[in-house]
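I have placed the structure first, in the form of structure tokens, so that the comments after it can refer back to it.
What follows is calculated from the coordinates using simple rules that are stated; it is not laboratory data. These figures come from a predicted structure and were not determined experimentally.
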């Protein structure tokens with residue numbers, strides 16, 4: 001590995017770490033702009049919209065997903081039909097969660113942060129199950145979707161923790 005690559009990767013790592021875990025945005029003006037974008041309302045909106053689109057895609061494409069994801073098992077027409085019905089149910093569940101997140105955008109930041117924390121943990125568990133299936137079974141969940149959901153879970157957790165941290169400081173000042 002070249003020295004330039006190591007330097008660049010370490011710089012990227014430092015920037016990512018500072019972006020995700022820094023609380024001193026006054027010392028880093030470029031970080032302050034990113035902090036504004038990662039509000040509870042914005043993150044709930046993005047996750048809600050993406051989950052809604054995912055739900056529609058899973059509902060509409062249930063048969064194709066069942067055929068491709070379980071191709072190693074050579075499912076017959078009955079198996080594909082059962083898989084499609086289960087995917088349709090999963091799509092509706094995604095839409096339900098998307099609607100809950102979308103309507104939670106108007107909550108107070110502390111309450112919205114709690115909803116976002118729960119949603120992020122749920123997304124992380126669902127994504128972990130997808131990776132588990134990818135590595136231990138013949139099921140082939142799409143890697144880009146798992147990566148996207150992992151990023152959403154991480155962004156949601158970081159934002160929820162920042163919201164909780166900000167509220168703890170605010171309540172200490174009011175006491």
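Specify, per residue and in Å³, the volume enclosed by the convex hull of the alpha carbon atoms belonging to the stretch 34-83. Numbers along the way, then the final one.
On the way: hull volume 4.5 nm³, N = 50.
Per residue, the Cα convex hull of the stretch 34-83 comes to 89 Å³.
Which distance in Å, rounded to a whole number, links the C-alpha centroids of the stretch 109-164 and the stretch 48-92?
If we compute the Cα centre of each part, the gap is 20 Å.
What Kirkwood hydrodynamic radius, in Å, does the stretch 59-135 give when the mean of 1/r is taken over all pairs of distinct Cα atoms and then inverted? Numbers along the way, then the final one.
Values: mean 1/r = 0.0696 Å⁻¹.
Averaging 1/r across every pair of different Cα atoms and inverting gives 14.4 Å.
For the stretch 92-167, what value does the Rg/Rh ratio take when both radii are computed over Cα atoms and Rh is the Kirkwood radius, given to two decimals?
We get a ratio of 1.05 for the stretch 92-167.
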